[in-house]
1. Go ahead and set up a Gaussian network model of chain A, Cα springs under 10 Å, then flag whichever of A:P284, A:P419, A:P47 fluctuates most.
2. Using the Cα gyration tensor of the range A:181-268, with a ≥ b ≥ c the square roots of its eigenvalues, what is the shape: rounded (a/c below 1.5), prolate (a/b larger than b/c) or oblate (neither)?
3. If I model a spin label at A:D219 and A:S123 as a point 7 Å from the Cα along the Cα→Cβ vector, what separation in nanometres do I get?
4. Among DSSP beta bridges whose residues both lie in the protein assembly as shown, state the antiparallel percentage, nearest 5.
5. Averaged over every viewing direction, what's the projected area of the C-alpha convex hull for the range A:374-444? Give it in nm², one decimal, please.
6. Treat each spin label as a single point 7 Å out from the Cα along the C-beta direction, and report the A:E299 to A:T63 distance in nm.
7. Give me the angle, in degrees from 0 to 90, between the Cα long axis of helix B:122-133 and the longest principal axis of the Cα atoms of chain B, rounded to the nearest 10.
8. Quick one: angle between helix B:219-238 and the longest Cα principal axis of chain B, in degrees between 0 and 90, rounded to 10, please.
Amino acid sequence: MKYRTFRIGGVHPAERKLAKDAAIEQFPIPAKVAISMAQHLGAPATPVVEKGDKVKVGQVIGTPTGFVSGFVHSSVSGTVTAVEPRADLAGKMVMHVCIDVEGDEYADGIVTTDRIERDIKGSPEELLEKIKKAGVVGMGGATFPTHIKLAPPKDKKAEYLIINAAECEPYVTADDRLMREHPHEIVLGARIMARVLGVEMVVIAVEENKPEAFDALSDATLRYVGIDVVKMKKKYPQGGEKQLIDAITHRRVPSGGLPIETGCVVQNVATSYAVYQAVQKDKPLIERVMTVTGECLPEQKNYLVRIGTPISAILDSVGGLPMESAKVISGGPMMGKAVANLQATTQKGSSCLLVLTPEQTARTPETVCIRCGRCTQACPMGLEPWLMNRLGRNGDYASLEENKIYDCIECGCCQSTCPAHIPLLDIVRTSKAEVMKIIRSRAKK
Amino acid sequence: MAKLIVSPSPHFQNKTTTQVLMNDVLIALAPATLVSLLFYGWNALLLLLVCVATCVGCEFLIEKYLRGRDIPCISATVVTGVLLALNLPPAAPWWVAFVGSLAAIGIAKMCFGGLGQNIFNPAIFGRVFLLVSFPVAMTTWSAPHGWLPIDAFSGATPLAQINEGIRQGLPANEIVAENGLSGWQAFFGLAGGSVGEASALALIIGFVYLLVRRVIKPYIPVAILGTVVVMTTIFWLVDPEKYTGPVFNLLSGGLLLGAIFMATDYVTSPMTTMGMIIYGVLIGVLTVLIRYFGSYPEGVSFAILIANAIVPLLNKYCKPKRFAA
C-alpha cells in the first residue's frame, strides 16, 4: 500500500517516540493551579471570578473577549486566591486565575463516567454552541478556537473534515496513546464535527509509525460510512495543516488563504476527543493528555493533566529536573517552545514536556553557507531559506516579499537540515515579521 | 539547578556538518586516488602531496593574515587539492602542481571571498589555468611506471589520438580500432590520461558512495552523462567515420571525473532540481561540441567553467516549485 504524503520537501528526523508504550495515567490534582486566560489564539478571555470565590470543576472562569477568543473553565474545585498577571510558559505576562484546590467537585450537569455515548443529539447549531461553551481549541499546538473553524463563512462550503492524527513531531506520543485508548470517543467527536460542518467525507490521517492507533481507529470506524482512516508516510511536517490537506486531497491552500478555501477543515485528534467530551458528556476542556519525555528522564510518561498544573509538579513526579538538563520544551523539538519558567502552568495546547541535555540541544557555531541547497530541498513550502537568510541579513525586505517569505510555516526543516548550522529560521522569522509589518501598513493606506 | 536555555525552535540540529560532507567526498575520491597511485606510482603521489599541501598552505596564509581567521573547512580545501592532482598528467613536474594549486586557491577561491563565495570551481580553474599557461607540460602523457607489474598506457590520450587522427583525415572508427581504444580499457583503467582518469570503475564506486551517503543528488551527473550519450549517439549514427561513439565518449577523458566530482561542487552548482538539470545538460552539450569541433581534445573542464558562470542566473530564474501558487 502506498502511503499518502505531501508533495514538496520535508525531512526525516529520528522519531524518538520513547513514551509510546506508556499508558495514559491520571496525574494527581495539584494543591494549587494557575489557569491562563490566554490559552487560545486571539484575544485573552476576560476573568469572571474574583479573589475569594468558590469554584467547581468545569465552572466558567473566563469569557470570550471579541470574536476570536474562547471560554476558559476551572479545572479544579476550590477557592480563587488571586486573579493576576503571571509569567506563562513562554515567559509572557498574562492574566491567570489562581485557585487553591479543595476536593474535586464537578459543576452540575457534567458526566464523568467512561460509558461511551453513541447517540449524537441536537441540531448542528446546538452542537456548535456546546463546543463553543466548552472552550474547545485546537489541541495540536496552534490553539485556534474550534468553534470558529467549524463555522466557515456562508460562501465557503466544507467538503472534507480531516482529523490530524499524524503527530509528526519526534518524541510526542500523547495523540498516539489517546487514539489507542479512546478510539471510539475520537471517532464520535469526528462525527459530531462532521454534522456541524455538514460534510460527508471524514478522513482520519495517521502516520505509518503508529500501527496500533491505526488499527484501533479502523475498528472504531467499521460501523460508520463516510469516515476513512488513512495511513500517512512518516515524514515531517506531515501534520502541518497545509501539508495534510495537500496529502489527502491534492489541493493547495493559496498564499495567505485559509484552509477552508480548499473545502477542507482540519482538526487535531485530541480536539476531536475534547469535542466528544464537550457534546456527549457536557464536560468542558479542563484536562488533556501530555507526554513527559526525554532521554535524560528516568521515566517516560503520558499523563492526563488538569489544565493549570505547574510544570515543576509534573517534572517532580518523574524525579525532578535532571542535573544534566539544559532545556525544557513545551511541545515537540521541531516547533515546540522553550519553557522560560518552571513555575508556569500547563495550557490547552501543551501536548508534551520534553527535557533535553546540552548535547542534544546545544547550538553549534555557525559556519559559512556552502550553497548545498539542502534547505531548499527540505522546505515544504517550496521556499529558498538560504536566499532568505542572505536577503534577511541585508534587510532587503522587498526581495524577501518577492520570494514569498510570508508563506513560511516555521516548521524548522531548513534549520535542522543545514550542515553549516546557520540559524535559518531565526533569520526568516525576524525578517518575516518585518515583511508582514510592511504588508499590513500598505494594506491600511 | 543549572540555568535553562531558552531559544526559538527547532531545538536540535543535524549532526551532519560541512566537514562531515567534505570528508565523505574525500572518501568517495579514495578509490580513484588509490588506483591512480597504483598505475602511476611515485610521481602521482608527489603531485597529490604538493597539491594538497599548497592548497591548504595557501588558504591558511590568506585566511590567517588577510582575514584573521582559521580555514573554515579544511576538508573542502583538501578536496580541491586532491581534485587538482587528479586532473594533472601523471608525468607532470611538481612545480606545475604548485602553480596550479596557487591559482586554484589564491585566485579562484580566495579572491572571491573564500569558502562558499567562489563562482568558479577552484580545481577546474586551476587545471584550465595550467592548460593555457603550460600547454606542453599539461599535454605530455608519457606515463611513469606505477606500482603494478604492468606497463601503464603511455603516449597521447585516446581523445588526443582521435583529435589528431581526425585532423589528419583518418576515420574515427579506424583510429579507435587501430589503437585498441575500447571502452572496456577505460572502464577498468588502462587508458592514458590525467591521473584521476585512470579508472572509470573507481570513479563510479565513488559516485555510488556519494549517492548512498546522500552527499549529492544524482541530477547533475545524470544530466551531463545522459546528454553526452544522447548527443554522441546521434552524431555517431549520422557519421561513424567522423564522430566517436557514445561508450567511448562516456568512458574516456575526464567526463566521469568532471560529472561526478567537479560539476557537483555545492558552491558552484545550482540549488534547485530544475537548475541542476539545465546546468548538467549545458555541460554535456558544451563537452560534446568541444570534443567534436574544438581544437582542444578534451572539453569537460571548459564546459564546467562556462556553466559555473551561469549558475547565479540559474539560481535567480529556476525557483523551486512553490507550494502555494
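Just so it is clear, none of the values below were taken in a lab; they were calculated from the coordinates. Everything numeric in this text was worked out from a predicted model, so none of it was measured. Using ideal geometry, Cβ is built from the backbone for each residue, glycine included, and neighbour counts are taken over all protein chains shown.
1. A:P419
2. Here the range A:181-268 falls in the oblate category.
3. Modelled inter-label distance: 3.9 nm.
4. Antiparallel: roughly 60 percent of the beta bridges in the protein assembly as shown.
5. 4.2 nm²
6. 4.2 nm
7. It is inclined by approximately 40 degrees.
8. Long axis of B:219-238 versus the principal axis of chain B: about 20 degrees.
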